[in-house]
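Notes for the one structure printed next.
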Amino acid sequence: MSKFESIEFFNKPDATVPYTLLPFSFTALDATRYVVTNLAGEYILLEREPLQRLVNGTLRTDESLYIDLRARHFLADEHSKMAPDLLAIKVRTRNEQLANWTGLHMFVLTQRCDHSCPYCQVSRQTEDKTSFDMSREHADKAVALALRSPNPAIKIEFQGGESFLNFELLKHVVITAKEANRRLMQPKDLKFIVATNLSVVTDEMLDFCAQHEIGISTSLDGPRDLHNKNRPRPDDDSYERTVAGIVRVRQRLGRRSVSALMTTTEASLTRGREIVDEYVKQEFGGIFLRPLSPYGFAVKTRFFRAYSAEQWLNFYDDALDYVIDINRQGVEFREYYAATILTKMLTCKDPGYVDLRSPAGIGMAGVIYNYDGTVYASDESRMLAEMKDTTFKLGSVDDSFETLYTNETFLQSVDETFAYSVPMCTDCAFEPWCGADPVFHWRQHQDMIGRKPESEFCQRNIHIFGGLIRRMDRDPFVRRLFTQWAHTC
Ligand code: SF4
């Protein structure tokens, strides 16, 4: 039997056959075009007229558009009886990470920090207050909880404050977790990462990280003056310490062992290109452009309201266009938020980024054990608790795994944040790529779903999804570049 339809099938003079529409959504991209997506996240751009004919059932089988729509599971006919089953398999593949449960386990080793960043989302304590350190007893219980997760891959991330200010506990957790993992019937793929500003890192710390293959995640906000303005410390030398630390980490642990995150403050808004240049200069392969979150010191010092969603999007667009330009000039460099979305748009994979998960990733993608033994559904949940709102507290390390993950607020969040059934999201063509941020919406609207027409999360994503599609549509170079990002995310 031939694998392909006969030529007569494509050349039928009267090629109007009945077809069935499979579930899809559409959203206007501009005055004439619509983004059309299906449940599996595949998309196509259509003008109004062919979209109307698709919906009215009057597309002809000899149109290339018909074949395309059928191949991508937007419609089915007598030649594609398996289409609904194939679509279901794709949807299941995209959501298979849900079954794995919580993979990221964050340990707040200490609230102490040597920096006093005005935007800091954690209300830090000064360096010498050891009462803000996690105890060994709490750490041991947190390790046991982390290893109870059914996820075969567990990542333990150390956070602060400044994680290395409690290096003794860091060592204890790594050794204890490795020993406990070895005793499991089915040991996990166990990895460690330290979030650190690198200002207090020593050779002993780096030796330990090398011995146990611990990755480093640091903060770099841009060129020297901007970084030091954003991240004050005694001697005004945060940038110098971070950059020197990056060099030392690479020498001791290897080139790929260190990544960096930046935070956008008002002072960053006009300097996106310089920030990208700084990341290229420090030989990073990309940058994650992200806005301030409305928590902790960022709010207390009114930094969060220092710029609007629109101002941040202008910053993002300019910096992303610059990243594309430097790729055009032969420099391989990517923007990671775009790369994450493009992976969802252009492949069957879902990188599982916590803010782009549906239902929301809080608790299910990651969980955080605070220095005092309380357990929160996400880093942002703990930051909210610093503002006296403990809505997203799951319990404490004294609770059982079952008690923590049947917490009422957590279950409510899972129930309410399945985007496919959320008002407005249910009709939105971007839903297969989007997610939910219940902590952000709770903070903004006292509601886990949030009012989408007023939601900056929604505004940001609509703008970015549409912007990525427009860039690909008008420039073949960008389409090739974005496809490459999507397949290597
Ligand atoms: S949050 Fe906004 S962009 Fe995302 S699916 Fe819902 S309506 Fe669409």
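The values are calculated or read from the model by the stated rules, or taken from the named source; none is laboratory data. Quantities reported herein were computed from a predicted structural model and do not represent experimental measurements. All Cβ positions, even for glycine, are placed from backbone atoms using ideal geometry, and neighbour counts span all protein chains on display.
See the values below:
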| read-out | value |
| --- | --- |
| Filter pass, THR426 being of a type in the set (Ser, Thr, Tyr) and more than 16 Å from the ligand (Cβ to nearest atom) | no |
| Count - residues of the stretch 162-207 that are in contact with a helix residue (DSSP H, G or I) (Cβ under 7 Å, 6 or more places away or on another chain) and either in a loop (DSSP other than H, G, I, E, B) or over 25 Å from LEU261 (Cβ atoms) (or both) | 13 |
| Matching residues in the stretch 251-265 - criterion: being more than 21 Å from the chain's Cα centre (by Cα) and either closer than 19 Å to ASP321 by Cα or surrounded by 15 or more Cβ atoms within 10 Å (Cβ to Cβ) (or both) | ARG252, LEU253 |
| Test: residue in the stretch 477-485 that is outside any loop (DSSP other than H, G, I, E, B) and within 11 Å of the ligand (Cβ to nearest atom) | no |
| Residue list for the stretch 157-195, restricted to those being within 21 Å of the chain's Cα centre (by Cα) and within 16 Å of GLN211 (Cα to Cα) | LEU190, LYS191, PHE192, ILE193, VAL194 |
| Test for THR417: is it over 21 Å from ASP30 (Cα atoms), within 11 Å of the ligand (Cβ to nearest atom), in contact with a helix residue (DSSP H, G or I) (Cβ under 7 Å, 6 or more places away or on another chain) and of a type in the set (Val, Ile, Thr) | yes |
| Hey, THR391 surrounded by 17 or more Cβ atoms within 10 Å (Cβ to Cβ), away from the ligand (no atom under 15 Å from the Cβ), hydroxyl-bearing (Ser, Thr, Tyr) and not in a loop (DSSP other than H, G, I, E, B) or not | no |
| Options GLY435, GLY450; residue that is at positive phi, buried (at least 18 other Cβ atoms within 10 Å of the Cβ) and outside the structural domain of GLU42 (by TED's automatic domain parsing) | GLY450 |
| Pairs with Cβ under 6 Å, 6+ apart, first in the stretch 252-268 and without any contact (Cβ under 8 Å) to a residue 24 or more places away in the chain and farther than 14 Å from THR218 by Cβ, second crowded, with 21+ Cβ neighbours inside 10 Å and among the polar types (S, T, N, Q) | none |
| Total residues in the stretch 431-463, condition of a type in the set (A, V, I, L, M, F, W, C) and within 9 Å of the ligand (Cβ to nearest atom) | 6 |
| Residue list for the stretch 405-425, restricted to those being in contact (Cβ under 8 Å) with a residue 12 or more places away in the chain and either assigned to a helix (DSSP H, G or I) or buried (at least 22 other Cβ atoms within 10 Å of the Cβ) (or both) | TYR405, THR409, PHE410, GLN412, SER413, VAL414, ASP415, GLU416, THR417, ALA419, TYR420, CYS425 |
| Any chance SER149 is small (Gly, Ala, Ser) and under 23 Å from the mean Cα position of the chain (by Cα) | yes |
| Selection within the stretch 76-103 - of a type in the set (D, E, K, R) and either assigned to a loop (DSSP other than H, G, I, E, B) or over 18 Å from SER358 (Cα atoms) (or both) | ASP77, GLU78, LYS81, ASP85, GLU96 |
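Here is a yes/no grid of residues against (1) crowded, with 20+ Cβ neighbours inside 10 Å; (2) outside any strand (DSSP E or B); (3) assigned by TED's automatic domain parsing to the domain that holds THR110:
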position: ILE368; (1), (2), (3): yes, no, yes
position: ASP372; (1), (2), (3): no, yes, yes
position: VAL375; (1), (2), (3): yes, no, yes
position: LEU384; (1), (2), (3): yes, yes, yes
position: GLY395; (1), (2), (3): no, no, yes
position: ASP399; (1), (2), (3): no, yes, yes
position: THR403; (1), (2), (3): no, yes, yes
